[in-house]
Amino acid sequence: WQEVVAENISSSFIPGYKRQNLSFGAVAAGLMGAGTTNITGASRNFALTSASQSTDFQAGDLKPTGGATDLAIEGRGFFEVQLPNGTNAYTRDGEFHPNAQGLLVTKQGYLVQGLAGPIQLDANNASPVTISASGDVSQGGNQRGTVKVMEFSDYNRLEGMGGGLFRPADPTLIPAVARKTTLHQ
């Protein structure tokens, strides 16, 4: 439990970090050995402490960054990103930037997915990038895509991958396009 508490403290200022909660309980483990009795003379039961860990998916505070491509989600959705091996992961960390090819990526370099694939910005266009509350990405008046925000029916079935990334622990947990989320640029 000390590792979980230390991780929560050290990661509390990382955008998109999701706090880990600990729950403690006791598991009945049997009777104490022969000759071990309580003050009434009865044999004593003993229990072992059991801890379980879960992720707190409640939204944190929204803080302006001044970054034109930084986004925050108001609601329960996750940004979908593509990992180098071609699989998808999900994050609430909206610190995005264009890479050298003009593709919108996370700070780790993972492709931010749009509804029609990765979002391609024009690296030669100095016009500002604007992102609407519904995720429409525009640059110089031209639409470049729509940020893909996904939600899950059961957040307890997501597993952390580190770096603020999550994936379904169960392959039957299929994400759906989030309906009740608002993006803030």
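Looking at the stretch 120-128, can you tell me whether even one residue there is over 15 Å from residue 183 (Cβ atoms), over 20 Å from the mean Cα position of the chain (by Cα) and touching a residue at least 60 places away in the same chain (Cβ under 8 Å)? Lay out the reasoning, then the answer.
We begin by selecting, within the stretch 120-128, every residue over 15 Å from residue 183 (Cβ atoms); these are 120-128.
From the residues that got through so far, the ones that are over 20 Å from the mean Cα position of the chain (by Cα) too are 120-128.
Still in the list and also touching a residue at least 60 places away in the same chain (Cβ under 8 Å): 128.
Looking through the stretch 120-128, at least one residue is over 15 Å from residue 183 (Cβ atoms), over 20 Å from the mean Cα position of the chain (by Cα) and touching a residue at least 60 places away in the same chain (Cβ under 8 Å).
Given the conditions (1) open to solvent by 50 Å² or more (accessible area, probe 1.4 Å); (2) of a type outside the set (A, V, I, L, M, F, W, C); (3) part of a strand (DSSP E or B); (4) under 25 Å from residue 58 (Cβ atoms), which single one is not true for residue 113? Of (1) open to solvent by 50 Å² or more (accessible area, probe 1.4 Å); (2) of a type outside the set (A, V, I, L, M, F, W, C); (3) part of a strand (DSSP E or B); (4) under 25 Å from residue 58 (Cβ atoms), only one is false for residue 113: (1).
Pairs linking a residue in the stretch 160-172 that is under 21 Å from residue 109 (Cα atoms) and open to solvent by less than 40 Å² (accessible area, probe 1.4 Å) to a residue that is part of a loop (DSSP other than H, G, I, E, B) and among the small types (Gly, Ala, Ser), with Cβ atoms under 7 Å and 6 or more positions apart or on different chains, are 164/16.
Within the stretch 99-113, being out of contact with any Asp or Glu (no Cβ under 7 Å at 6 or more places or on another chain) and at positive phi holds for one residue alone: 109. Does the stretch 133-147 contain any residue that is closer than 21 Å to residue 174 by Cα and either charged (D, E, K, R) or in a strand (DSSP E or B) (or both)? Within the stretch 133-147, one or more residues are closer than 21 Å to residue 174 by Cα and either charged (D, E, K, R) or in a strand (DSSP E or B) (or both).
Test residue 65 against the stated conditions and say whether it is more than 20 Å from residue 184 (Cα to Cα), open to solvent by 30 Å² or more (accessible area, probe 1.4 Å) and modelled with pLDDT under 95. The answer is no for residue 65.
The values are calculated or read from the model by the stated rules, or taken from the named source; none is laboratory data. Small disclaimer: the values here were computed from a predicted structure and weren't measured. Backbone-built Cβ (ideal geometry, glycine too); neighbour counts: all protein chains shown. Just the protein is used for accessible areas: all its heavy atoms, side chains included, with ligands, DNA and RNA removed. Shrake-Rupley method; radii C 1.70, N 1.55, O 1.52, S 1.80 Å.
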